[in-house]
Amino acid sequence: MKHTVHVAFITDNNFVMQTATAIRSLVDAKSPDTEYDIRVVTADCSEESSAVLSAIEGVTVVRASLDAYRDIRQLAHIPIACLLKFDLCELLPDCDKLLYLDGDILVREDLSPLYETDLEGHILGAVAQHVLIGTDDRKFSAGVLLFDAKRMRDEKVRDKLVETRRALGEQRSMDQQSFNLLYGGNYLELPPRYNCCPMQLRDAAAKGMDRVNAYYGTAYASVDDMLNDGAIVHFATGQKPWLYENIDYAWEWYASYARTAFGGTKLTRKHYTVWISRFNGLKQAKKTGGWKGVCTFLMNAFRKKVLHREIKNDWG
């Protein structure tokens with residue numbers, strides 16, 4: 001018996017290659033009994049980019065407009081196209097349940113068990129953020145979301161999300177903070193294997209694997225065991241596999257990339273070091289916050305590395 005899984009991605013013209021690679025990994029990892037209905041919501045995409053996405057098996061391109069959000073400033077690397085996450089359930093009215101996936105992921109197994117998860121009366125399911133391990137905070141990552149799409153439409157959640165985001169003013173977070181303000185205390189917590197962020201998990205595990213297991217209610221012997229169990233690897237930090245060859249799952253991601261329409265172009269990837277991370281952080285801080293942003297970045301680095309104080313997460 002075929003299991004139909006409704007999956008959604010969002011991309012602008014700058015993230016088509018990454019989204020195509022994520023979809024390739026999704027399709028390649030599916031079981032014979034699973035049928036993916038993949039909708040890619042595009043904004044500001046060229047005809048050529050849309051054609052590349054449409055050519056992937058199981059993919060339907062849904063064109064959307066960013067006009068309602070163009071006045072919201074991009075203060076970080078996250079594009080305003082992410083705000084279309086608010087509109088997803090409205091844009092896909094025939095889907096009563098919907099699995100949303102960011103484009104910077106690698107899918108390593110069939111996702112029908114995730115899709116078929118009972119939301120137990122919640123409007124969405126998600127994984128609690130790795131950066132909050134060791135705290136009592138249960139805010140979730142918006143990189144993987146399982147929606148009760150019909151209820152989202154019935155309760156006009158889109159309007160609530162937009163109103164919440166506009167009330168926040170200028171923030172580094174595009175969509176995640178708004179989702180958490182509305183549902184951060186009332187969502188179904190999914191197992192961490194469905195949104196596994198290697199760099200963040202390794203940072204957390206460096207302070208003790210017991211903290212990680214206590215936070216998620218798991219029993220992994222090591223962080224490597226936890227990562228190896230990951231069904232969805234999420235490259236949520238600056239460690240991107242299309243930029244660096246020596247990070248977790250970089251070559252597994254590259255194997256999926258090689259099977260896309262872009263695979264004929266060899267990627268020139270660097271060797272990741274902590275100094276690259278700090279330099280990129282400084283550049284981003286300067287770009288988004290000027291010299292004040294640089295000073296804040298350096299002060300936070302000092303507090304974290306020298307004073308060993310946790311830095312407040314303002315991403316939602």
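Listed values, structure above:
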{"item": "Test set (1) farther than 25 Å from Ser50 by Cβ; (2) open to solvent by less than 60 Å² (accessible area, probe 1.4 Å); (3) outside any helix (DSSP H, G or I) - Asn213 fails condition number", "result": "(3)"}
{"item": "Hits in the range 185-206 (condition: modelled with pLDDT of 95 or more and outside any helix (DSSP H, G or I))", "result": "Asn186, Tyr187, Leu188, Glu189, Leu190, Pro191, Asn195, Cys196, Cys197, Ala206"}
{"item": "Filter result for Ala236 (closer than 22 Å to Ala29 by Cα, open to solvent by 20 Å² or more (accessible area, probe 1.4 Å), small (Gly, Ala, Ser) and assigned to a loop (DSSP other than H, G, I, E, B))", "result": "yes"}
{"item": "In the range 1-54, the residues that are assigned to a helix (DSSP H, G or I) and open to solvent by less than 10 Å² (accessible area, probe 1.4 Å)", "result": "Val16, Thr19, Ala20, Thr21, Ala22, Ile23, Ser25, Leu26, Ser50, Leu53"}
{"item": "Residue in the range 23-40 that is over 21 Å from Ile232 (Cα atoms) and either free of Cβ contacts under 8 Å to residues at least 24 places away in the same chain or in contact with a strand residue (DSSP E or B) (Cβ under 9 Å, 6 or more places away or on another chain) (or both) present", "result": "no"}
{"item": "Members of the range 119-136 that are without any contact (Cβ under 8 Å) to a residue 60 or more places away in the chain and of a type in the set (D, E, K, R)", "result": "Asp136"}
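The values are calculated or read from the model by the stated rules, or taken from the named source; none is laboratory data. All values reported here derive from a predicted model rather than from experimental measurement. Quick reminder, even Gly has a Cβ in these numbers, built from the backbone with ideal geometry, and neighbours come from all protein chains shown. Accessible surface areas use protein heavy atoms only, side chains included; no ligands, DNA or RNA. Shrake-Rupley method; radii C 1.70, N 1.55, O 1.52, S 1.80 Å.
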